[in-house]
Amino acid sequence: MTWASIDLNADLGEGFGRWRLTDDEQLLSVVTSANVACGFHAGDAVTMRRVCELAAGRGVRIGAQVSYRDLAGFGRRSMDVPHDELAAEVAYQIGALQVFARAAGARVSYVKPHGALYNRVVHDEGQAQAVVDGVLLTGERLPLLGLPGSRLHETAEKAGLPVVTEAFADRAYTAGGTLVPRGEEGAVITDAAAVVERSVSMARFGVVTSLCGRSVPVRARSLCLHGDTPGAVGLARRVRAQLEASGVRVEAFV
């Protein structure tokens, strides 16, 4: 399945205190949706407020990037969190970001899990249910951004929540259409030309070449551009420019 338009999202606000990881201001001139760290894997109150103000000023949609409570591990360590605890923590993170989004004259428009939680809810129905229940706790029916065919999307749809399919420009895929774990060789695509080519292929034709060389279908309404990789801003600009040159409209999904 292909789209006449595609959303570009990036993980932003991934700093803490005086430490900053992402070039939020420059990336917000390229992307159409901002996944804002909500304090559990990165981010703090000042950073969240600043990114929301920047995003609102540029008409970029604000999304809550929720995570396991894992600042030390940047949210990339898998954890076994009880259902009620995880649901409450997801709601807590969304609520915190909502305060700053509203203060900036905007709102939280969607939710995206981060890191280990993102990968876990692809196949773990229990953790997926906890994330969905956390969203429902907020009283808002926010769309959930994630991998096509994931348990998260199946669970969200059963609960009546909208889902948005996502692909990754700079991550390797398995033959089964899932992401290659970051710890494995070749999991992250570092060649800029390859990232650009893969982005256009996914947006226009709905396919990507897996790590083993096979073409796999990828139904993506949104394309993630990681903001914490070297040269992220320049790469994001190249991806957007090539998408538009290929006839793909770049626009937010909400």
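The values are calculated or read from the model by the stated rules, or taken from the named source; none is laboratory data. No experiment lies behind these values; they were computed from the predicted model shown. Note: ideal-geometry Cβ built from the backbone for every residue, glycine included; neighbour counts use all protein chains shown. With ligands, DNA and RNA removed, areas are computed over all heavy atoms of the protein, side chains included. Shrake-Rupley method; radii C 1.70, N 1.55, O 1.52, S 1.80 Å.
Taking the protein heavy atoms of the chain in the context of the full set of protein chains, the accessible area attributed to carbon and sulfur is 51 percent at 1.4 Å. Among Ile94, Ile62, Ile189, the largest mean-square fluctuation in a Gaussian network model of the chain, built with springs joining Cα atoms closer than 10 Å, belongs to Ile189. A helix-only calculation puts the chain at -12000 deg cm²/dmol for mean residue ellipticity at 222 nm, using -39500 (n - 2.57) for each DSSP H run of at least four residues, averaged over all residues. Within the listed set Val51, Val216, Val66, the residue fluctuating most in the Gaussian network model of the chain (springs between alpha-carbon atoms under 10 angstrom) is Val216. If R0 is 25 Å, the Cβ-Cβ spacing of Cys212 and Arg77 corresponds to a FRET efficiency of close to 0.40.
State the label only: which of (i) 0.93; (ii) 1.10; (iii) 1.04 corresponds to Rg/Rh (Cα atoms, Kirkwood Rh) computed from the shown model? Derived directly from the coordinates: (i). Derived scalar couplings between HN and Hα for segment 65-75 equal 9, 8, 8, 4, 6, 7, 4, 5, x, 6, x Hz in order, rounded to whole Hz, by the Karplus curve 6.51 cos²θ - 1.76 cosθ + 1.60 (θ = phi - 60°), x for Gly and Pro. Solvent-accessible area per residue in the chain equals 42 Å², computed with a 1.4 angstrom probe and all protein chains kept.
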